[in-house]
1. May I ask what percent, to the nearest 5, of DSSP beta bridges between residues of the range 236-440 are antiparallel?
2. Most exposed first by the Cβ proxy, i.e. fewest other Cβ within 10 Å, how do 87, 120 rank?
3. What share of the DSSP beta bridges in the chain is antiparallel, in percent to the nearest 5?
4. Before anything else, pin down the relative contact order of the chain: Cα pairs under 8 Å, at least 6 apart, normalised by residue count, whole percent.
5. P(r) of the chain in 20 Å steps, Cα pairs, percent per bin?
6. What does the convex hull of the Cα atoms come to per residue for the range 236-440, in Å³?
7. State whether the range 222-275 is rounded, prolate or oblate according to the following rule on the C-alpha gyration tensor (a ≥ b ≥ c being the square roots of its eigenvalues): a/c under 1.5 gives rounded; otherwise a/b larger than b/c gives prolate, and the remaining case gives oblate.
8. Over the range 211-349, what portion of Cα pair distances is larger than 22 Å, expressed as a whole percent?
Ligand code: ADP
Ligand code: F6P
C-alpha cells in the first residue's frame, strides 16, 4: 500500500546554485513541512505544481536519500494567474478568512480552478495502484476528491482543509458553494484543524446541499464522508534540539547584544490575515502610553514576501512599510529605533535563533486556520511569553498563551505590558505546560493518525 499526496505547493523547489548544480530546497510553509516526513516514512508519490524549472516533470526526493517520487504539473501562465492567484487567492482565501470585501468572484477564474483541479485529479488517477491511499490537501484543490472518485469509485480518499472553515453565512457568498461542497464530499475522510470548523462545514452541507449530517458524518448522494477535527502539530523535539544547539544559542545572543533591549517578535507571511498593521499600531500605542519603555523595547518583525501579484498583498506591503516608517519617525532617539523590519524568508536556524532571543512572541492574526509559528515558538523559547490571537485555530490548544482580540488595539497594548512584566516563574510554568501539550500531539501523530483512519475507511 503506497501513499499519494496531492498539494498545490511542492515540498522542495529546484534551485540552481552559482556552480550550476541543481539543489532541491525545502519550501517555506507548514503544509509541506508536515507532509514530507510522513511521505518519506510511507513511501509513494507526491503530485504538485512545479513552479520553478517546470521542464523537470519528475524527481526522486529527498535529493540525498530518495524516499518518494515527486510528479510536477506544469501550469501555463494563464492557469497560474486564474487558478492560483485568481480563484484560490482572490476568492477562496479571503472568503474563508471572513474578508468578504476583498473577494473577487469571477466565472473565468472559477473555470480555470475546475480545469486545474481536473489536471491534478488525472495525475492522481494515473499514479494510482490498487490499495493506495490518496490524500489531497487544501483549498486550492477542493474539487479533486470528487473528480478522483468518479474515476476510481473504490479508492480511499482523504482531504485536509488547512485554513479556517467560515460560518455558513459567509460561505454562502461563494457563487459556487454547491460545487465546492460536492467536490469535497467525494472524500471518505475530511480533516480540519478545529471542532468549530467541522461544525460550520456540516451546517453548510445541510443548508447549501440539503445533505444529512449525523455525529461526525455527512451523507450526500449515497456516500458517507467522515469529519475529523485534528489540529496539525510540529516536530517538537527537532525544534527543541535546534534551539539549544550551540550555533543557535550563539546567534540568539548575537541578536540580543545587537539590539540591547527587550525583544518583541513577529514572524509571518506578509498576508492581510496576519494582523501585522494592528500589531504595529498596538506597539505605537504602547510607546505613547509608556514613554519609559522607549529605548528599552524593540519590535522585530520578520515578514516573508507572499502572493505579490495580488493587489491586496501589494497594498498591505505598502501599508506595513508606511507604518514602520511612521512609528520609527515618531519614536526613534539616541541610536534606538523601535521597529526593525526584515522583509524576506530566513533559514530555519535563523528563525529559531529569533524565537530563542525573543522576550515576547506576537502571533496576532485576524483569522488563521491554525498558525504554526505559535507552536514553533513555544517549542523553541527559553523563557519567553506567547501572545496569541483568539482567532487562530491554535488558540484552542494553547490556553497558557496570553490570548488577545487583535482588533482591540488598546487591549493588545495593555497585554504587551503584562507580557513584558511577567515574573520568570510564571513564564517558565506556562511554557512547560504548552510544550507538554505540543508533545502529546506532534506532527507525526497528526499525519500518522490521519493516514491510519483513512486506511481503516
Ligand atoms: P501560513 O501557513 O499561513 O503561512 P503558518 O504559521 O501556519 O502560516 O506557517 C508558516 C510557516 O512558515 C511556519 O513554519 C514558519 O516557520 C514559516 N515562516 C514564516 N515566516 C517565515 C520567514 N520570514 N522565514 C522563514 N520561514 C518563515
Ligand atoms: O496553510 C495555508 C497555505 O495556503 C498553504 O496551502 C500554502 O502552501 C501556504 O499557506 C503558503 O501559501 P502559498 O503556497 O500560496 O505560498
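1. Working: 1 of 24 bridges.
Close to 5 percent.
2. Ascending number of Cβ neighbours within 10 Å: 120, 87.
3. 25
4. 14
5. Reading the bins upward from 0: 24, 56, 19, 0.
6. It comes to 110 Å³ per residue, whole-number rounded.
7. Numbers: a/c = 5.10, a/b = 1.98, b/c = 2.57.
Taking the square roots of the gyration eigenvalues as a ≥ b ≥ c, the range 222-275 is oblate.
8. 57
Read the figures in this text as sums done on the coordinates, not as results from a lab. Only a predicted model underlies this, so the values are computations on that prediction, with no experimental measurement involved. Backbone-built Cβ (ideal geometry, glycine too); neighbour counts: all protein chains shown.
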